[in-house]
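All remarks here apply to the structure that follows.
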Amino acid sequence: MIFPPLLTETELQALYQRAQHAAADSSLQNLLEQRQAGDVASRYRGAGLDYAESRPYQAGDEPRFMHWSVTARTGKPHVKQFREERRPAVFILLDRRSNMRFGTRVRLKAAQAARVAALIAFAAAQNGWAVSGVTLEAQPHWFTATTDTHAIWQFIYQCATACPPLTQADEPTLATLLPLIGAQLVRGTHLYLLSDFADLDTACEPHLLQLLSRHPLFTVQVLDTAECELPATGRLTLQGRDGIAHLVNLADNKVRETFRQQAAALHEAQEQRLRGWGCHYTRLLSEVEMPETLVPLPHGMGN
């Protein structure tokens, strides 16, 4: 059986044009101009590429920048300083796990997340940013940072490709993947997490806080309307992931209101948790046609 891609070539070309024309001066885009916490010498992101000088070690300096020869000569720890990297970068995590393969209106959550990933990658490429990312699924696909247009399109095609058939194999959790991301990014890389955050828990906290200490972090929670409010469709048999079927009368206003309140409490708690850790947060329904009006896209500074 051949499954259709989440996004067609025509849809991708349309997204490319929309990313190109996204308003760079909107208040959402201005979020990307904000400095990180701490001392930053300029608006450009990154640790830099060219060695400039050494200075005494300070608490919080990264061990990988230790200048061992100067440390040995002086008897005091020193670190290398670099000229700033003037090419900003973006990293995109796209959740394509089983929970994201749900949709009752217009498209699947995975398809909406893929649309956002494409818009971000296109906007970044059009402004000279380096793009890297990972698709979170049973077998994650990693893409190293590049400014090559062909390589960026390959990442976008992977985001848009049909999801593989569901299997009994365990899927990686968000908490297991987050530390792998931090190990490969240059400080200052803009990090986007596109997911429904169904498995957001306390195990994610230390990894997100570590990422936030080095990167601007944008979270986009993609939800289906039916996850927020059930339709009044009468009696319906619903089956959970545990395989157990339940007969639910959706014509009952009390049932729908109870669900709405519980769903709202869950999503509010997830939002407050992410915001409380310091993430920028956007809630995005899968049927929204122009997510670029809600999600800040990369712009400027890369050329």
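The values are calculated or read from the model by the stated rules, or taken from the named source; none is laboratory data. Predicted, not measured: the structure shown is a model, and the values here were computed from it. Virtual Cβ from ideal backbone geometry, glycine too; neighbours counted across all protein chains shown.
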Taking the stretch 248-300, which residues are surrounded by fewer than 17 Cβ atoms within 10 Å (Cβ to Cβ) and closer than 23 Å to residue 126 by Cα?
289, 290, 293, 294, 300
In the stretch 76-88, what residues are assigned to a loop (DSSP other than H, G, I, E, B) and either in contact with an Asp or Glu (Cβ under 8 Å, 6 or more places away or on another chain) or at pLDDT 95 or above (or both)?
83
Of the residues in the stretch 199-216 that are buried (at least 20 other Cβ atoms within 10 Å of the Cβ) and of a type in the set (A, V, I, L, M, F, W, C), the one that is farthest from residue 263 (Cα to Cα) is 211
Restricting to the stretch 174-201, and then to whatever is among the small types (Gly, Ala, Ser) and closer than 25 Å to residue 225 by Cα, can you tell me which residue is nearest to the chain's Cα centre (by Cα)?
195
Checking residue 288 against (1) of a type outside the set (Gly, Ala, Ser); (2) more than 25 Å from residue 176 (Cα to Cα); (3) part of a helix (DSSP H, G or I); (4) in contact (Cβ under 8 Å) with a residue 24 or more places away in the chain: exactly one of these is not met. Which one?
(3)
Identify all residues within the stretch 132-159 that are closer than 21 Å to residue 219 by Cβ and aliphatic (A, V, I, L, M); write none if there are none.
134, 136, 145, 156
So, first residue closer than 21 Å to residue 97 by Cα in the stretch 129-150, second residue of a type in the set (Asp, Glu) and in a strand (DSSP E or B), Cβ within less than 7 Å, six or more apart or across chains; the pairs are 136/95
Would the stretch 165-173 turn up any residue that is under 15 Å from the mean Cα position of the chain (by Cα), assigned by TED's automatic domain parsing to the domain that holds residue 14 and at pLDDT 95 or above?
yes
